[in-house]
Amino acid sequence: MDRRNLLQLAATGALAGIILPKTSLADCSAAMAGGVYHTREAQGRWQGKANSHLPTATVIQESGGVTLRVVTAHGTHGYSHYIIKHIILNKEYGFMAEKMFDPAKDKAPVSEFSLGILQGDDI
């Protein structure tokens, strides 16, 4: 891609970011379910495996901040079949954290993420 096309593409992206209303994030959310992230209703490539592959998340609020505990009810079967990782995204789908699992060391896919002090819309 030459420099002129790159600048035009960047300008178009910046303009779209200014013009598009914030409600488009809600529309985008529905489109990303089953692709970028999975839910019981939008299982994507894990269709039919929600009982063992869909993680549960528990928010633990303490005086020092918030911890998110994520558990997937899937057993670890060595390197032949295991949950690879948990990924945490913020409300705008930006990366926050991840936990990679090693089936030689991790007995189960359980992770905890310290999210600090959250307020209002952050939770």
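For the reader, a short list of remarks on this structure follows.
- Cα gyration tensor category, rounded, prolate or oblate, for region 31-110 with a/c compared to 1.5: oblate
- Set of lysines near residue 49 by C-alpha distance (under 28 Å), chain-local residues within fewer than 8 positions excluded: 85, 91, 99, 105, 107
Readers should treat all values here as calculations from the given coordinates under stated rules, not as data from a laboratory. Just so it is clear, the structure is predicted and the values come from calculations on it, not from any experiment.
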